[in-house]
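> Encoded as structure tokens, here's the structure I'll be asking about.
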Amino acid sequence: MQALRRSTPFDLPVKILQFGQGNFMRGFFDWQIDLLNERSGLNAGVVVVRPRGGSASPLLDVQDGLFTTVVRGLDEAGQPVSTVRTISCVQREIDPASMYGDYLALASLPELRFIVSNTTEAGIATNDSDAFDAAPPSSFPAKLARLLFDRYAYFEGDRTKGVVLLPCELIEQNGPALKAAVLHFARLWQLDAGFADWLDNACVFCSTLVDRIVTGYPQDAAAIEAQLGYQDQFLVAAEYYYLFVIEGPASLADELKLAGADLNILLVDDITPYKKRKVGILNGGHTALVPVALLAGLETVGDAVNDAQVGAWLADTLAQEIIPALPLPQDELQQFARDVLLRFRNPYIQHRLASIALNSWSKFAARIAPQLLRYVELHGRLPQRLVLALAATMRLYRGDVIALSDDAASLAWFSQGWADADAGRLTLPELAQGWLAQERVWGRDMNAVPGLAPAVAAALQDIASQGMRGALQAV
């Protein structure tokens, strides 16, 4: 079987630089650019840049930049769908560690307009050790700062040669964060003051929200390749659902040719509501579900959502306790929740509960505690299902269900706390009060919430005496 290669020459002008060659960017961003090229005539070629050196994996160039996406899941009606697409927008891939001259030459591309990145949350970080003449600098922001300065210098500060930056790292205000990192190196390197002015007036640093599960190289790749008739070492599988939200000027809609493309790309003035929706419902739903489902004897998200008892509990938790506490239009939230439950049921993705139980307490504090507190504020009573999720998380941290991964202080506290409780030195109410008092976790003493500690202790007792399914029945 032959490898995937081009039958026609490269013919797209390079309008986009993409920092990040991983599965997510190929199954999310490149997939959308390829559809924009086809549906609305964006006519944009992409050059992929590796943000960090040291990887021995082959460049996309070995397949002429081509790769295949397999999109599988449940559509809006809950019906299984599976589509295959060969992505052809990538023109080449550059590793600055061994191709630094080629990398810097990208600064002079006349039609370059967009720079997108996905370098993990730790990618937008600064240091004082990367030098201007390093070949290359170690950090992504330093590499980017050098490229942008070279573009500024090559075009003599021409403001029509500025770029739109779309960082996709999962951090708050990723646009301003990336701009601040670039300016850090401009100051460190004592660059021409006009460069900072060019960044302010010629470039646009947009915050973004990205949402799609991209699982990477599929387990059934051999069967897919047999159907396709070629080998593809960069084959990537993704779920059906996707969302790309960009906080930026309205003019970007014309530049990206979004009209008529029928893609779930939203250009907005304020990204905050969309982040609250995702964190509260998608991430919050995951975080609430995991301990309850694990203690109920389930192993995957799909198993949990399809379980009559646990699935109904999650749907009720979203509808009755999380959504009412979010300050957003309720009809939009209900639709988003329906989409989330369809995504959780995706039969093509076996998302193990244990793998998303990592750092459950920091996730609970960030994703669920705000909704719990808001619910109390609105209704004057505790949300029983979220209280049960909190108690289930505490029970999970007894450490006898799965291997735990969290910060050392939290693991040490629960190790001692459960040992004392099991030995009779600590009652369940005292255990609950002690944990709720951990201000380093919650940012406040949660014992101040009326009735919370006794309710958590009662839920812990229900789990202990009746099992998780008995506790669910009681709720």
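> Is one or more of the residues making up region 269-280 under 24 Å from A180 (Cβ atoms) and aromatic (F, W, Y)?
Checked region 269-280: at least one residue is under 24 Å from A180 (Cβ atoms) and aromatic (F, W, Y).
> Continuing with this model, one more query. Please find, within region 422-447, the residue that is least open to solvent (accessible area, probe 1.4 Å) out of those that are of a type in the set (G, A, S) and in contact with a helix residue (DSSP H, G or I) (Cβ under 9 Å, 6 or more places away or on another chain).
A432
> Show the residue pairs meeting these rules: Cβ distance below 8 Å; 6+ apart or different chains; first residue within region 342-363 and closer than 18 Å to Y217 by Cα and in contact (Cβ under 8 Å) with a residue 12 or more places away in the chain; second residue of a type in the set (G, A, S) and assigned to a helix (DSSP H, G or I).
Listed pairs, sorted by first residue: N346/G302; P347/G302; I349/G302; Q350/G302; H351/G302.
> Among the residues of region 111-127, count how many are in contact with a helix residue (DSSP H, G or I) (Cβ under 8 Å, 6 or more places away or on another chain) and in a loop (DSSP other than H, G, I, E, B).
Residues flagged as in contact with a helix residue (DSSP H, G or I) (Cβ under 8 Å, 6 or more places away or on another chain) and in a loop (DSSP other than H, G, I, E, B) within region 111-127 amount to 9.
> What number of residues in region 111-138 are within 27 Å of F244 (Cα to Cα) and in contact (Cβ under 8 Å) with a residue 24 or more places away in the chain?
Of the residues in that region, 15 qualify.
> If a residue counts only when it is more than 18 Å from the chain's Cα centre (by Cα), which strands (runs of 3 or more DSSP E) contained entirely in region 128-242 have at least 1 such residues?
Here the list reads 164-167.
> Okay, next question. If you go through region 382-421, how many residues are open to solvent by less than 60 Å² (accessible area, probe 1.4 Å) and among the polar types (S, T, N, Q)?
Qualifying residue count for the region: 3.
> Now for a separate question. Which of (1) free of Cβ contacts under 8 Å to residues at least 24 places away in the same chain; (2) more than 30 Å from the chain's Cα centre (by Cα); (3) part of a loop (DSSP other than H, G, I, E, B) does A419 not meet, given it meets every other one?
Condition not satisfied by A419: (3).
> A further question on this structure: Return the residues of region 36-66 that are touching a strand residue (DSSP E or B) at 6+ places or on another chain (Cβ under 6 Å), closer than 18 Å to P9 by Cβ and outside any loop (DSSP other than H, G, I, E, B); say none if nothing qualifies.
Answer for region 36-66, where residues must be touching a strand residue (DSSP E or B) at 6+ places or on another chain (Cβ under 6 Å), closer than 18 Å to P9 by Cβ and outside any loop (DSSP other than H, G, I, E, B): G45, V46, V47, L60, D61.
> Quick one: is E225 open to solvent by less than 10 Å² (accessible area, probe 1.4 Å) and either within 30 Å of P58 (Cα to Cα) or polar (S, T, N, Q) (or both)?
No: the conditions fail for E225.
The values are calculated or read from the model by the stated rules, or taken from the named source; none is laboratory data. Treat the numbers as computed from the prediction; the structure is a model and nothing was measured. In this analysis, Cβ positions are derived from the backbone assuming ideal geometry, glycine residues included, and neighbour counts consider all displayed protein chains. Calculation scope for accessible area: heavy atoms of the full protein, side chains included, ligands and nucleic acids excluded. Shrake-Rupley method; radii C 1.70, N 1.55, O 1.52, S 1.80 Å.
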